[in-house]
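Enquirer: This is the structure, below, for whatever I ask next.
The values are calculated or read from the model by the stated rules, or taken from the named source; none is laboratory data. Computed from a predicted structure; not experimentally measured. Every residue, glycine as well, gets a Cβ built from its backbone with ideal geometry; the counts of neighbours run over all protein chains shown. For the accessible areas, the whole protein counts, side chains as well, though only heavy atoms, and no ligand, DNA or RNA atoms are used. Shrake-Rupley method; radii C 1.70, N 1.55, O 1.52, S 1.80 Å.
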Amino acid sequence: MTSNFLLGPLGLVVIAALSWAGFDLVRKMLARAMPPLGLLALLTTATAIPFLIWALFDGVSIRSGYWLPAFGSVALNIVANLLFLEALRTAELSRTVPLLSLTPAFASLVGVPLLGEVPSGLQILGIALVVLGAFSLNAVGAAPRTDLVGTTRGWVAPRGFWLMAGTALFWSLSIPLDKLALTASSPQWHAFVQNAGVAVAILVELARRGKLSELGAIRFAPWTFLGALALSALAIGSQLF
């Protein structure tokens, strides 16, 4: 009974959610010790390796129609990860990370035209509650907005809010593309491509800036980095499966 739950869809969702939450916390700690681009390059490179080994062990199977959604997902993940690391560096974890709950809400809406998956009435209600909760968390203490007459209308969210909301949006756009890619490959292969693609793009950018030395900052938090890798692999693997 327990094994069926853990390996079933609901169990994998719970494992993925807990793993992402832990990964977000550890990334916040790492973002204080390392430059964001160097951190992203190291995390994605190191996460890609075990998925590649797993994919080669099981046998790589890539069918037609894989590469277009796969590359689209990689591009969206590059933008999302950069926004995420900047949000972690500049904003409160307790107020910005809950905004990532908008990711499945956005993904459900994007899935309608891309996948033909229409949410039920109850699911739409759940999406609305998630959006309301995410915005209400950040409404408290937000800066008031004043018009020309001097009356206060609404609020202006801090920069971290928009960075994390943008992260949720770009990650949500990548989820339907991941699902399309997974119809033409295995989860472990797609996890490798996703991480390797982000890693290559960030390493090229670091080389262009002459800042590959940023990778050496890992020595300041090696054990925290290993913990982040374990949580990352568990989160990505359970989400894709």
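Enquirer: Where only protein heavy atoms count, and the probe is 1.4 Å, what is the accessible area per residue for the stretch 45-91 in Å²?
Expert: Per residue, the stretch 45-91 has an accessible area of 52 Å².
Enquirer: Here's a follow-up. Quick one: if the Förster radius is 45 Å, what FRET efficiency do Leu129 and Thr224 give, using the C-beta to C-beta distance and rounding to 0.05?
Expert: 0.85
Enquirer: Report, to the nearest whole %, how much of the accessible area of the stretch 200-241 belongs to carbon and sulfur atoms, 1.4 Å probe, protein only.
Expert: Summing carbon and sulfur atoms, their accessible area is 68 percent of the total for the stretch 200-241.
Enquirer: Apply 1/(1 + (r/R0)^6) to the Cβ-Cβ distance of Arg159 and Ser120, taking R0 = 35 Å, and write down the FRET efficiency to the nearest 0.05.
Expert: Result of the calculation: an efficiency of 0.45.
Enquirer: What ranking do 186-198, 71-83 get when scored by the average of other Cβ atoms within 10 Å per residue, highest first?
Expert: Most protected by this proxy first, the peptides run 186-198, 71-83.
Enquirer: Further, regarding this structure: Which order do the peptides 35-47, 223-235 take when ranked by the mean count of other beta-carbon atoms within 10 Å per residue, highest first?
Expert: Listed from highest to lowest mean packing, they are 35-47, 223-235.
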